[in-house]
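Accompanying notes for the structure given below.
The values are calculated or read from the model by the stated rules, or taken from the named source; none is laboratory data. Note that the structure is a prediction, hence the values are computed from the model and not measured. Neighbour counts are summed over all protein chains in view; Cβ atoms, including those assigned to glycine, are modelled from backbone coordinates with ideal geometry. The area values use the complete protein model at the heavy-atom level, side chains included, leaving out ligands, DNA and RNA. Shrake-Rupley method; radii C 1.70, N 1.55, O 1.52, S 1.80 Å.
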Amino acid sequence: MNIVLLGAPGAGKGTQAARLVQEFGAAHISTGDMLRAAVAAGTPLGQKAKSYMDAGELVPDDVIIGLVKERLQEPDAKNFILDGFPRTTAQAVALDAELNNIERPLEAALLIDVDFEVIVKRLTSRRLCRSCGYIGSVADEVCPTCGGEMYQRDDDNEETVRTRLDVYEKSTAPLVDYYRGCELLVTIDGDRDPDVVYADVKKALNL
């Protein structure tokens, strides 16, 4: 299983990736998670990326591509799910070149498709647990899983969410055409119960 997950921020890519990882054991390579960890650690990469992330803009290609190349060399990445990368056609071309070099071609580009207004409502009401990473809503004052503190990410306010969606529309949406041209695109309606979406994902990927 070597796949790319596509879709706007908040479309549910991370949720579906986590389920695929749990059931099939592929490496979940999330550039968003890697970048947030770098920001939290205060690394040079994190400091460089933070200003872009806080404004809802894309982190420069050279930073992201270097990060992904390093991750693909790790032993657990023989089978992988790329979540949040590539975000531009240029990144997709660079990824194809790297995957050809290491002889691990993509098997599918899975698009989780959700209306933008649904995403705005979903993200601005989202809350996360600081302790275990549980994803809940404004109704969750404490984490129902571990009792930890629930918080809102800095970039989950409406203005930044809409900026992120605008950036996605202009820069990332062309990837749909790119992977359609490569005959790798698989589209799933993401505006449904996650269990239903996951069942369709497995069916589409012949899993």
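A few remarks follow.
- Residue check for L67: in contact with a Ser or Thr (Cβ under 8 Å, 6 or more places away or on another chain), aliphatic (A, V, I, L, M) and in contact (Cβ under 8 Å) with a residue 40 or more places away in the chain: no
- Total residues in the stretch 8-50, condition within 9 Å of the chain's Cα centre (by Cα) and closer than 22 Å to E98 by Cβ: 7
- 2 or more residues of a type in the set (D, E, K, R) and within 22 Å of V197 (Cα to Cα): qualifying helices (runs of 4 or more DSSP H) within the stretch 1-86: 13-24
- Considering A77, A92, A55, A49, the condition of being of a type in the set (A, V, I, L, M) and either surrounded by fewer than 16 Cβ atoms within 10 Å (Cβ to Cβ) or under 18 Å from G12 (Cβ atoms) (or both) is satisfied by A55 alone.
- Output for the stretch 132-149, where each listed residue is in contact with a Cys (Cβ under 6 Å, 6 or more places away or on another chain) and closer than 17 Å to R122 by Cβ: Y134
- Members of the stretch 152-207 that are among the aliphatic types (A, V, I, L, M) and free of Cβ contacts under 8 Å to residues at least 12 places away in the same chain: A173, V196, A199
- Residue satisfying all of: in the stretch 162-206; open to solvent by 60 Å² or more (accessible area, probe 1.4 Å) and in a strand (DSSP E or B); farthest from G84 (Cα to Cα) among these: D189
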